[in-house]
Amino acid sequence: MELQDYLRVFRKSWILIVVLTALGGALGLTYALLATPTYTASARVFVSTSGATTASDLQQGNSFTQQRVKTYAELVTTASVLQPTIDALNIDTSVSKLRGQVSANAPLNTTVIDVTVSNADAVFAATLATEAANQLIDVVEHIETTNVSLGSPVRLTVVQEAEVPKAPTSPKKSLDLILGLLLGLAAGIGIALVRAALDNRIRNERDLEALTDVPVLGGIVFDPKAQDRPLIVHEDSHSPRAESFRTLRTNLQFLDAGRRERAFVVTSAVPGEGKSTTTANLAIALSQAGAKVLLVGADLRKPKMANYMAIEGGVGLTDVLIGRVELADAVQQWGRTELYMLPAGMIPPNPSELLGSALMADLIAKIHKQYDVVLYDAPPLLPVTDAAVLSRLVGGALLVVAAGRTHGPQVENAIATLENVGAPLSGVILTMLPTKGPDAYGYGRYGYAYKETE
């Protein structure tokens with residue numbers, strides 16, 4: 001994924017990211033408000049040696065205490081120090097429970113020990129730290145005294161008694177709030193990226209380019225009223241959706257420049273991708289540009305073209321193929337335009353065999369001589385083989401892909417179906433593109449997006 005892909009993912013999931021960030025901040029602040037405050041107090045003990053009279057003795061004594069001071073710090077959490085502390089303060093607790101509240105640290109290259117206590121009671125924390133420091137002094141002097149007459153060579157002194165802390169060390173509202181916000185933000189971004197990785201639906205042209213090198217001829221913007229007004233190029237020629245078909249018409253003129261016949265089978269991977277309405281509107285747009293166009297209803301299973309174009313569909317392609325009527329008698333002119341219709345006709349029991357027959361090949365050759373452009377509205381590729389068989393005879397196919405609905409593997413399987421029968425795929429048409437949001441379709445790719453005016 002490139003930077004713009006990440007930005008697109010974040011734009012699509014910005015509500016989720018904001019909600020989780022706010023939730024994380026709220027949880028962090030709630031924890032800070034509800035958590036029991038903890039106060040920390042420290043007493044400082046200085047360690048020195050006794051009996052030094054010369055500079056050399058002082059140097060040796062200092063090295064000795066620095067080596068031993070870490071060991072003394074470890075003694076603070078032992079029972080030898082904690083039990084006398086409990087007895088002196090008359091605390092109703094055990095050594096193991098008290099051990100979790102007391103710690104000691106010896107800063108590097110010093111002869112100082114910091115005895116630290118954390119507790120919910122600030123006064124108790126200061127009292128306990130000071131008493132633990134005093135008990136440490138007694139324990140060390142007792143351990144280091146090997147000769148009663150000479151005494152201990154090491155002297156420990158409390159140089160700073162623990163002060164009662166005025167503010168708790170935890171929780172810290174500002175820190176907990178920031179941590180909560182950061183964790184919520186990280187969770188939102190992580191979920192957004194996981195959703196994007198698991199979502200294999202085709203969203204835009206970049207997604208198609210990752211699957212195939214076949215050119216994307218154009219994008220048709222989504223129209224929620226498409227079912228009520230399928231022929232948008234005819235009914236509302238100034239709408240953004242109608243302009244999308246005119247752009248597609250322009251791109252189609254440059255497609256397959258080496259082919260003399262301008263004939264294409266329009267199909268899709270699965271049903272419901274706007275294949276038939278795309279074919280009808282593209283045919284109208286081509287006829288408006290002055291081309292003599294024939295629109296063939298080649299979906300012999302669920303024909304829709306006659307209903308879309310509001311013509312009689314009882315006689316059509318199947319009748320011509322079986323010789324019931326002549327081609328000229330089955331073709332109908334659509335209004336006063338240069339658009340002509342050959343509806344599907346009766347539904348046969350063997351659509352695939354009929355579309356792949358020699359009769360169909362002869363009819364295709366005849367049709368291509370009479371019209372500038374021929375568009376075949378065929379069934380989807382994955383459920384049945386009709387479109388693949390017909391595409392091999394026609395010599396070119398246009399694959400309609402619905403943005404946000406069609407999955408990548410479905411597109412790959414549809415392309416593989418055409419390749420398996422040797423049918424060339426001329427181009428891909430994206431339909432149902434959103435007019436707003438990160439996947440919005442920009443007219444002409446010049447940076448300004450369509451906006452519906454209805």
Could you tell me how many of the residues in the range 335-353 are surrounded by fewer than 20 Cβ atoms within 10 Å (Cβ to Cβ) and either free of Cβ contacts under 8 Å to residues at least 24 places away in the same chain or of a type in the set (A, V, I, L, M, F, W, C) (or both)?
7
Residue satisfying all of: in the range 95-129; farther than 13 Å from ALA43 by Cβ and more than 53 Å from the chain's Cα centre (by Cα); surrounded by the fewest Cβ atoms within 10 Å (Cβ to Cβ) among these:
THR110
Regarding the range 248-255, can at least one residue be identified that is β-branched (Val, Ile, Thr) and either outside the structural domain of THR435 (by TED's automatic domain parsing) or surrounded by fewer than 18 Cβ atoms within 10 Å (Cβ to Cβ) (or both)?
yes
Selection over the range 238-265 where residues are over 19 Å from LEU433 (Cβ atoms) and among the small types (Gly, Ala, Ser) yields a count of 3
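Quick check, is THR267 buried (at least 24 other Cβ atoms within 10 Å of the Cβ) and of a type in the set (S, T, N, Q)? Break it down stepwise before answering.
Working: buried (at least 24 other Cβ atoms within 10 Å of the Cβ): yes; of a type in the set (S, T, N, Q): yes.
Against the criterion (buried (at least 24 other Cβ atoms within 10 Å of the Cβ) and of a type in the set (S, T, N, Q)), THR267 qualifies.
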Every residue from the range 381-430 that is surrounded by fewer than 21 Cβ atoms within 10 Å (Cβ to Cβ), touching a residue at least 60 places away in the same chain (Cβ under 8 Å) and among the acidic types (Asp, Glu)
GLU412
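Where in the range 205-321 are the helices (runs of 4 or more DSSP H), entirely inside, with at least 3 residues that are touching a Phe, Trp or Tyr at 6+ places or on another chain (Cβ under 6 Å)?
On the way: elements: 205-209, 232-235, 240-253, 275-288, 305-309, 317-321.
Filter on the range 205-321 gives 275-288.
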I'd like to check something: does the range 207-220 contain any residue that is more than 30 Å from TRP14 (Cβ to Cβ), surrounded by 15 or more Cβ atoms within 10 Å (Cβ to Cβ) and touching a His at 6+ places or on another chain (Cβ under 8 Å)?
no
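Could you run through the range 14-44 and say how many residues are of a type in the set (A, V, I, L, M), within 15 Å of LEU182 (Cα to Cα) and crowded, with 17+ Cβ neighbours inside 10 Å?
Here is the first cut: in the range 14-44, the ones of a type in the set (A, V, I, L, M) are 15-20, 22-23, 26-27, 29, 32-35, 41, 43.
Now restrict to residues that are within 15 Å of LEU182 (Cα to Cα): 16-20, 22-23, 26-27, 29.
Subset that is crowded, with 17+ Cβ neighbours inside 10 Å: 17, 20, 27, 29.
The total comes to 4.
Quick one: which residue in SER170, SER152, SER174 is in contact (Cβ under 8 Å) with a residue 24 or more places away in the chain, among the small types (Gly, Ala, Ser) and within 26 Å of GLY28 (Cβ to Cβ)?
On the way: SER152 fails: within 26 Å of GLY28 (Cβ to Cβ); SER174 fails: in contact (Cβ under 8 Å) with a residue 24 or more places away in the chain.
Only one candidate qualifies: SER170.
Going by what's in this entry, would GLY404 be described as more than 12 Å from ALA263 (Cα to Cα), of a type in the set (Gly, Ala, Ser) and touching a helix residue (DSSP H, G or I) at 6+ places or on another chain (Cβ under 9 Å)? Even if it seems obvious, please write down each step before you answer.
Details: more than 12 Å from ALA263 (Cα to Cα): yes; of a type in the set (Gly, Ala, Ser): yes; touching a helix residue (DSSP H, G or I) at 6+ places or on another chain (Cβ under 9 Å): no.
The answer is no for GLY404.
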Collect the residues in the range 130-178 that are among the small types (Gly, Ala, Ser) and within 59 Å of the chain's Cα centre (by Cα), keeping them in residue-number order.
ALA132, ALA133, ALA162, ALA167, SER170, SER174
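If you check VAL159, VAL154, VAL112, VAL81, which single one turns out to be farther than 22 Å from PRO37 by Cβ, touching a Leu at 6+ places or on another chain (Cβ under 6 Å) and β-branched (Val, Ile, Thr)?
Numbers: VAL159 fails: touching a Leu at 6+ places or on another chain (Cβ under 6 Å); VAL154 fails: touching a Leu at 6+ places or on another chain (Cβ under 6 Å); VAL112 fails: touching a Leu at 6+ places or on another chain (Cβ under 6 Å).
Every option except VAL81 fails the conditions.
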Pairs, please: C-beta under 7 Å, at least 6 apart or cross-chain, first residue of a type in the set (Phe, Trp, Tyr) and in the range 119-144, second not in a helix (DSSP H, G or I)?
none
Restricted to the range 295-322, and to residues that are loosely packed, with under 15 Cβ neighbours inside 10 Å, modelled with pLDDT under 90 and not charged (D, E, K, R), which residue is farthest from LEU393 (Cα to Cα)?
ALA310
Looking for something modelled with pLDDT of 85 or more, among the hydrophobic types (A, V, I, L, M, F, W, C) and in contact with a Gly (Cβ under 8 Å, 6 or more places away or on another chain) - is there at least one such residue anywhere in the range 153-174?
no
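The values are calculated or read from the model by the stated rules, or taken from the named source; none is laboratory data. Remember, predicted model here, so these are calculated numbers, not experimental data. No Cβ is skipped: glycine too gets one built from the backbone with ideal geometry, and neighbour counts run over all protein chains shown.
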